[in-house]
Amino acid sequence: MYQARIGSPFGPLLICAGAKGVTGLYFSDQKDCPMVAGAVTARADSLRPSSGMAGKVPLRTLRPVRCAQHKAHIGQGTHYQDLAATAPQLLQENVPETVRDLFNGAQRELLQYFAGTRTQFGFPLDFSGTPFQSKVWRALCNVPYGQVISYGQLALRAGLSPRHGRAVGAAVGRNPLAIVVPCHRIVGADQTLTGYTGGLSRKVALLQIEGFELS
């Protein structure tokens, strides 16, 4: 398995890949990010995924509302151009050319997503969880850009019953592929944000990219 660091508007990402595709994509400071040389300390809001405030309002209580007119909140400014000009930082020697190409392609598509110009990802994924987790993660991949659904709805899409909601929530929380397997599109039964392994402030930002306002 090979690893690289890539930049994002929300801090560095660790990407893991092998011959079959990308196996992991983590915010470098989220609690379950694999340990690598020079790793940063986990952020407080990733240790407590439901934490964070917007003024005096807890982020977990916000509800995403689709904007009438979608405008990307990141845009292609100077920061975006700087990220695009920086190649992935390889963390091993002798990385095969096919994996290098995968890292470069994934970085390019992610930056397009952050800029609001990409709604689907095309690079291959290689799931490595349990059969139940993989079923949930594949169902997550079918939640369209710009939509949010509840854990119960996700259970139904995975061919499960609503009573599997808690187990589905646990599988969502162990999703190893942030952003591309879009667990940020999953909300509570009351449509509130509930939590996010990478920190709720990032969940808010990702939903804003996809055209949501938070109320």
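Being more than 21 Å from ASP32 (Cα to Cα), in contact with a Lys or Arg (Cβ under 6 Å, 6 or more places away or on another chain) and among the β-branched types (Val, Ile, Thr) holds for only one residue in VAL99, VAL95, VAL143, and it is VAL143.
Condition check ((1) acidic (Asp, Glu); (2) buried (at least 18 other Cβ atoms within 10 Å of the Cβ); (3) at pLDDT below 95; (4) more than 14 Å from the chain's Cα centre (by Cα)) across all residues:
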{"position": "PHE103", "(1), (2), (3), (4)": "no, yes, no, yes"}
{"position": "THR117", "(1), (2), (3), (4)": "no, no, yes, yes"}
{"position": "GLN120", "(1), (2), (3), (4)": "no, no, no, no"}
{"position": "ASP126", "(1), (2), (3), (4)": "yes, no, no, yes"}
{"position": "TRP137", "(1), (2), (3), (4)": "no, yes, no, no"}
{"position": "LEU140", "(1), (2), (3), (4)": "no, yes, no, no"}
{"position": "ALA155", "(1), (2), (3), (4)": "no, yes, no, yes"}
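Counting the residues of the stretch 166-181 that are farther than 17 Å from GLY199 by Cβ and surrounded by fewer than 17 Cβ atoms within 10 Å (Cβ to Cβ) gives 3.
When we screen ALA178, ALA189, ALA171, ALA158 for residues that are hydrophobic (A, V, I, L, M, F, W, C), outside the structural domain of GLU109 (by TED's automatic domain parsing) and touching a Leu at 6+ places or on another chain (Cβ under 7 Å), the only hit is ALA178. Scan the stretch 101-140 for residues that are in contact with a strand residue (DSSP E or B) (Cβ under 8 Å, 6 or more places away or on another chain) and in a helix (DSSP H, G or I) and the total you get is 7.
Take the stretch 6-32 and flag every residue that is within 12 Å of the chain's Cα centre (by Cα), under 17 Å from GLY105 (Cα atoms) and assigned to a loop (DSSP other than H, G, I, E, B). Residue satisfying the conditions is SER8 alone.
Candidates in the stretch 33-49 are the residues that are exposed (fewer than 15 other Cβ atoms within 10 Å of the Cβ), touching a strand residue (DSSP E or B) at 6+ places or on another chain (Cβ under 9 Å) and not hydrophobic (A, V, I, L, M, F, W, C); of these, the one that is farthest from PHE212 (Cα to Cα) is GLY38.
The residues on offer are GLN81, GLN3, and the sole one that is in a helix (DSSP H, G or I) and among the polar types (S, T, N, Q) is GLN81.
The values are calculated or read from the model by the stated rules, or taken from the named source; none is laboratory data. Note that the structure is predicted; figures quoted are calculated from it, not measured. Virtual Cβ from ideal backbone geometry, glycine too; neighbours counted across all protein chains shown.
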